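Worksheet for the structure shown next.
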Amino acid sequence: MNEIFANFSLDIPLPLLFLAIAAVTFLISYLWVDRVIAFINERSLGQRDEIIKYLELMFVDVNKDKLTRTLMVGSFGLGALFFVLFWPNILMGLLLGAIFTLLGWALPKHVVKYLYDKRCSQFTNQMVDGMTILSNGVRAGLSVQQSMDRVVKNLPNPISQEFRLVLSQIQLGQTLEDALTELGERIPRPDVQMFVTSVNILKETGGNMAETFQTITFTIRERQKVEKKIEALTAQGIMQGIIISMIPFILMAIFFVVDPNYIKPLFTTTLGLIALLVVITLQIIGGLMIKKVVTIKV
């Protein structure tokens, strides 16, 4: 058998082999270069642009160059750190270095997105008080703009920030309908869309705006009651999912402290690395499935 492979390898000229490899590489690059560049751009500059967008929606000024440097240090710097920590185990260092490089680049976007969603939820929670003030103001004979100014003066952020921006846009010549439409784009929540649509329709067709605000307040309050009830019912499932997902890593840390040699093959052998990768993949899949089960939209 060895002689067959030896004769087969001798029959192929080395320059021809290099030429074939170069041709295949060129063909793959020519067919996939646009997709590869687009994927890299989406996962790098695209992530940065999304972070900037969410920060601007939260009224946070950010410098693109500083943010890019921060992301580079937080991703490649973290990956290089883990590579150095596991030296001279090059395979483990490369694996963990690549994982933490990707996490360091992707995690900030999810953190900023979480903060943005939290701010939108705070705005929605404040709408009950805000709609009550708007309703009382309109009932007392004030205009919508004057009633919104009362909301700005009496309620904290984020509803104060958003309504202040709406009033500033109106003072600069923008119509109330357009300013409220942009508010609905900045806070993409059903309750906000209902408020924006109601005001815009009533401004065109006429109607009892104070009563409409009271109806919106009642609807939002009932929706929040249902959401709180669902959160109470699913809290146990969420905690169980967190505990189940963390148990393997906690046990791994305990074994590492008690007897490092017992768990060392998991990081130093090929079979151990494969098992570790399978465990992490299954934990991620299980966590996502549990999250999907306990996430109920109202």
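A few points about this structure:
- Extending 7 Å from Cα along the Cβ direction at Q171 and again at D65 yields two label points whose distance is 3.3 nm.
- Label-point separation in nm, F218 to D149, each point 7 Å along Cα→Cβ: 3.1
- For I284 and A98, the FRET efficiency from 1/(1 + (r/R0)^6), where r spans their Cβ atoms and R0 equals 22 Å, is about 0.90.
- Straightening the chain between L85 and E231 buys 48.4 nm, computed as 0.36 nm per residue apart minus the Cα-Cα spacing.
- Shape annotation for segment 228-294: C-alpha extents along the principal axes are 48, 23, 8 Å, from largest to smallest.
- Note, ³J(HN,Hα) from phi for segment 162-173, Karplus 6.51, -1.76, 1.60, rounded to Hz, x at Gly and Pro: 5, 5, 5, 5, 4, 5, 5, 5, 5, 5, 7, x
- Normalised contact order of segment 124-225, rounded percent, pairs of Cα under 8 Å and 6 or more residues apart: 34
- Among the listed pairs K109/K225; K118/K228; K113/K291, a Cα-Cα separation exceeding 26 Å is found for K109/K225.
- Each eigenvalue of the Cα gyration tensor of segment 183-256, multiplied by 5 and square-rooted, gives one semi-axis; in descending order these are 46, 15, 6 Å.
- Contour excess over end-to-end distance, with Cα ends at V293 and V128 and 0.36 nm allotted per residue: 56.5 nm
Read-outs throughout are calculated quantities, based only on the coordinates presented, and are distinct from any laboratory measurement. None of these values were measured; they are calculated from a predicted model. For neighbour counting, all protein chains shown are included, and Cβ atoms are generated from backbone atoms with ideal geometry for every residue, glycine included.
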